[in-house]
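Scroll down for the structure; my scribbles are underneath it.
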Amino acid sequence: MIVDQVRDSVFSDPPWTKLYSRATQLAMDGIVLAVAFVISYQLRFEFDVPESNLRRALIQLPGVVIIQFSALFVAGVYKFIWRYVGMAELRTFVRAVIYAIIPILVMRVAIPSDFAIFRVPFSIIMMDAVFAFGGILALRVIRRGIYERYERLVQQRRPQVRKRKPVLLIGAGHSGLSAIREAQRRAELDIEPVGIIDDMPTHQGALIHGFKVLGTSTELPRILEEYEIDHVIVSADEAEPETLRRILKTCEQKGVKVRILPGMHEIIDGTVSMSRIRDIQIEDLLRRDPIRLDEQVVRRFLAGRTAIVTGAGGSIGSELCRQIARFHVSRLILLERAEGALFAIEQQLRQLWPDLRIEAVVADVGDERRIRSILERLRPQVIFHAAAHKHVPMMQSNPGEAVKNNILGTRVIGRLAGECRVDAFVLISTDKAVNPSSIMGGSKRIAELVVQNLDRQFENTRFLAVRFGNVMGSNGSVIPIFQKQIERGGPVTVTHPEMTRYFMTIPEAAQLVLEAGAIGAGGDLMILDMGEPVKILDLAKDMITLSGHKPFGDLQIVYTGLRPGEKMFEKLEIEGEHIERTSNAKIFVGQVNAPPKETVDRIIEHLAEKAALGLDGEIAPTMAQILPEAEFADGDRTVTDSVLV
């Protein structure tokens, strides 16, 4: 036991690590550079260097080594750590070679004949460059090999608390390979990578960074059994939604756990770690091409400005706050009437951005005096209006509240924004405003008309609306409801087997809203590309499968039928709207002729009167007077625990 302790002590602080101090590195590099120059001369004269040329070489040697050292410093070779050397650092060595060759060649050509002794022959220059910088790189590769060998020896001496579990990697993406290499080095992770599955024909049987390609995804059942795989890690860089579904089904049949490693675009700090491996989420199965935000455009729009987000405590509002905070606004105002939600987002933002000026304001957007005092005191340049009632069945039961918040509230804060000369006012709208069949959808469509009219009324403020579909994980949306129903053991309730909806993640929606606000012109209706619509039934089945159950097996799906105000299919544009592309492929501009301002104002006054008097039954017919495309339906207004989409 004492012997083992002594060995562990030696391995914990090996004496040879002192050889890798900065001074030692420079000395070793100097030796390599000098030896490389001598070898080049020896090869040039077939190891029989004439005395005159030997004298010439010794005179040239110091100058050449100094130039090469300078090139190494200028190129940045000494900025990275030896044990992390890899292909990325190879480019640095190539630059160093170029930086060293150019001055030596210039000296060879430009030095007068009186100083010919300092002219290095062309053949020596080329051979020396190869030997010198090849040797410098070799030193670092050897250093990395020694370091990794040392780590493996240390791990072998550590007591294994648990047997390491065999793990299979699917997809040979950069993030996956980096994480698996980390798993090999870290004994405490208790996993043992055994190989890779890759569908590239040329990769079959090959070794990729020391891992053997065991076969293609079609051979997954055989490989799982043959290697007794405990769980599978899928690299998100490689996995398409259909591929993920197929892998999930196969692994479920074999009782193998499936996890996913986020792609490089999801990892903000650019590092890959085994701690980032997570369970597959429903977003992975609906994944589309990642959003490419034009950050320069958004930064020009927001940097140095005061921005207000209404509904800051909601799903979209809070994410807008997090995204806006990244773009160096001078001050961020959180406006929300629900004090609990406001407190939560304020605390989170103060923790994430301690230097950002944040002000949390409790207010209702429909309270004209309160909103006026806020805008006059804080003088914002940008307002993102996300405050709204969004729950379709709930607004069917309470249509007056939809009118007050979604229509009258938008008119109040929008008009005051114009009067206070706010630069930009961005309304967050919804695809339910297209051919609305619900009170909520109708109220948001009228809010769009309000914004368009305000843009014509106020020249100094740019008013626009941004329209998009369902947001995954937002309050009252389908995904958290399905999760609760699955946790209770079912059944999962779906309104209709053919119902479809557009989906987008909360961060995607918030990022596109910011860019739409930056590039949209006054009066524009910006429409976000939501990708392909998704069947709600397929969504339910995927979520049940991810939870470890079988749809229609041990966990039932029940069809409840369409409720008042619900549609089978959603659209993002109204018939007759002219759609144009923008600089962002995910953002479009919809142009539609709005009714005259007087007509809109008259209908809104009627709606305000009926909401104040509690005449709920007359609200939908009044909305229909200004929305000929509306498809309002009467029926049961009971709010259920069914899918809210």
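Between Glu498 and Arg421, what is the FRET efficiency for a Förster distance of 60 Å, r being their Cβ-Cβ separation, to the nearest 0.05? Present the calculation step by step, with values, prior to reporting the outcome.
Working: r = 49 Å, r/R0 = 0.82.
Calculated transfer efficiency: 0.75.
Using θ = phi - 60° in the Karplus curve 6.51 cos²θ - 1.76 cosθ + 1.60, the 3J(HN,Hα) couplings for segment 342-356 round to 5, 4, 5, 6, 4, 5, 5, 5, 5, 6, 6, 10, x, 8, 7 Hz; x is entered for Gly and Pro. Less than 5 angstrom separates the built amide H of Glu192 from those of Lys165, Val167, all sequence-distant by 5 or more or on a different chain.
Would you list Val426, Val558 from fewest to most Cβ contacts within 10 Å? Could the numbers behind the result be given before it?
Numbers: Val426 26, Val558 11.
Sorted ascending by nearby Cβ count, the order is Val558, Val426.
Using the Cβ-Cβ distance between Leu90 and Asp355 with R0 set to 30 Å, the FRET efficiency from 1/(1 + (r/R0)^6) comes to roughly 0.20.
For every other residue with a beta carbon closer than 15 angstrom to the beta carbon of Lys597, add +1 if it is Lys or Arg and -1 if Asp or Glu, then tell me the sum. Could the numbers behind the result be given before it?
Values: positive: Arg411, Arg415, Arg456, Arg602; negative: Glu448, Asp455, Glu459, Glu598, Asp601, Glu605.
My count for the surroundings of Lys597 gives -2.
Ordering Lys432, Lys165 by the number of other Cβ atoms within 10 Å of each residue's own Cβ, fewest first, gives Lys165, Lys432.
With a Förster radius of 41 Å applied to the beta-carbon distance between Asn460 and Ala338, the computed FRET efficiency rounds to 0.85.
In segment 314-446, taking the dipole from charged Cβ atoms about the Cα centre, the farthest positive-side position among Ser397, Ala341, Ser373 is held by Ser373. In terms of other Cβ atoms within 10 Å, Thr493, Thr202 run from fewest to most in the order Thr202, Thr493. Taking each residue as 0.36 nm, the span from Gln556 to Lys535 lengthens on full extension beyond its C-alpha to C-alpha distance by 5.9 nm. For the residue pairs Lys165/Lys484; Lys257/Lys535; Lys257/Lys484; Lys165/Lys212, the alpha carbons lie more than 24 Å apart in Lys165/Lys484; Lys257/Lys535. The packing ranking, built from the mean of other Cβ atoms within 10 Å per residue, places the peptides 347-358, 93-104, 404-415, 510-521 in the order 404-415, 510-521, 93-104, 347-358, highest first. Model label sites at Val141 and Ala110, defined 7 Å from Cα along the beta-carbon direction, differ in position by 3.4 nm.
Amide H contacts of Val234: Ile170, Arg259, Ile260, Leu261, each under 5 Å away and 5 or more positions distant or on a separate chain (H built 1.01 Å from N in the peptide plane; Pro and chain starts excluded). Model label sites at Ile39 and Thr218, defined 7 Å from Cα along the beta-carbon direction, differ in position by 4.9 nm.
Laboratory data are not the source of any read-out in this text; all were calculated from the coordinates shown. Predicted model, so just to flag it, every value in this text is computed and none were measured. All Cβ positions, glycine included, derive from the backbone under ideal geometry; neighbour counts span all protein chains shown.
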